[in-house]
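The values are calculated or read from the model by the stated rules, or taken from the named source; none is laboratory data. Not measured: the values here are computed from a predicted model. Backbone-built Cβ (ideal geometry, glycine too); neighbour counts: all protein chains shown. With ligands, DNA and RNA removed, areas are computed over all heavy atoms of the protein, side chains included. Shrake-Rupley method; radii C 1.70, N 1.55, O 1.52, S 1.80 Å.
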Amino acid sequence: MMEVAVIIVLLYKAVTGVLGSAGDRSWIFQKCLQSCLQVNCTSRHGNVFESTQPQYMRLLQWDCPSECEYLCMWKTVDAYQRDGSPVPQFHGKWPFTRLFGIQEPASMIFSILNGLSHIVMMRQFRSKVPSSAPLYYLVHIYCLVGINAWMWSTIFHTRDLPFTEKMDYFCAIMLVLMNLYYLLFRLLGYRSLLQWLSYTVPVIAFYVYHVCYLTFVKFDYGYNMKANITLGGLNSVGWFAWCVYHRQKLKYVWKCFLVVLITDLLLSLELGTEMLKFMLKSNSKSIHNVCTCS
């Protein structure tokens with residue numbers, strides 16, 4: 001079985017090589033990976049590997065081929081740095097050091113904090129706002145969607161696997177859509193069932209389309225990013241409009257305006273991939289996550 005796994009990995013790398021990044025396409029990485037798989041991941045050596053691997057690494061699904069990828073990634077980074085070349089990406093992502101098998105420790109911790117902030121927000125809301133208040137239950141749904149999104153973000157940054165990546169992306173855009181859905185109620189009101197359906201049906205329809213497209217047609221990172229940026233932009237414009245309209249009536253509007261403005265500025269951390277983040281053994285998403293904790 002180990003030989004079969006090695007062959008599958010090698011074939012996968014050969015087929016997807018043209019779709020990868022500079023790091024995983026490089027001759028250094030490919031040669032290192034092929035050698036590591038053949039030397040360490042055959043039946044005889046694979047049994048030794050499995051017997052010496054810590055239990056927590058097995059739980060996080062760090063098998064022999066994935067260990068080879070991780071080790072060869074850093075050997076490639078070292079080779080690039082010795083040549084004075086910029087640090088490359090691997091499979092579209094910057095390399096950073098794992099901790100106790102956790103692939104992105106900083107992002108994982110900050111995702112947990114973001115989830116906890118939603119729990120705290122929901123408890124404070126329940127203690128201060130009566131259940132008869134408008135949108136009382138919608139706020140609860142919003143908080144639960146947020147908790148779910150940050151839970152999957154935590155899982156994904158703990159171990160980047162195809163399933164955890166999809167769940168992180170799907171739940172993240174669900175949170176963005178939920179924010180837009182809530183905004184529609186605040187901007188336009190909800191006087192009738194027809195008006196409620198006019199908000200609900202398009203939001204659900206787009207979410208179903210988005211998930212189906214990424215699942216069954218193409219897992220397109222570019223499309224997913226554009227969708228999130230577009231929805232985020234609509235959220236920002238809508239909330240700015242709400243702030244302008246209510247600036248004379250509500251004293252706390254400036255707080256909402258400030259939050260939206262800061263959130264938009266922090267979006268650049270989600271989109272940016274400056275080398276400084278790599279130098280700090282982190283990435284743009286972890287910095288974005290810690291900023292959104294507040």
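A few points about this structure:
- Per-residue ³J(HN,Hα) for the stretch 230-245, Karplus 6.51 cos²θ - 1.76 cosθ + 1.60, θ = phi - 60°, Hz, x for Gly and Pro: 5, 5, x, x, 5, 4, 4, 4, x, 5, 4, 5, 4, 5, 5, 5
- Convex hull (Cα only) mean projected area of the stretch 173-228, reported in nm² to one decimal: 4.0
- Flagged links, alpha-carbon separation over 26 Å, of Lys226/Lys255; Lys93/Lys166; Lys93/Lys218; Lys128/Lys226: Lys226/Lys255; Lys128/Lys226
- Heavy-atom accessible area per residue - the stretch 98-173, 1.4 Å, Å²: 50
- Loop trypsin sites (Lys or Arg not before Pro), the stretch 192-264 (other Cβ atoms within 10 Å of the site Cβ: 14 or fewer; DSSP): Lys218, Arg247, Lys249, Lys251
- Gyration tensor (alpha-carbon) shape descriptor, the stretch 131-269, a/c threshold 1.5: prolate
- J(HN,Hα) series, the stretch 118-123, from Karplus relation 6.51 cos²θ - 1.76 cosθ + 1.60, nearest Hz, glycine and proline x: 5, 5, 4, 4, 5, 5
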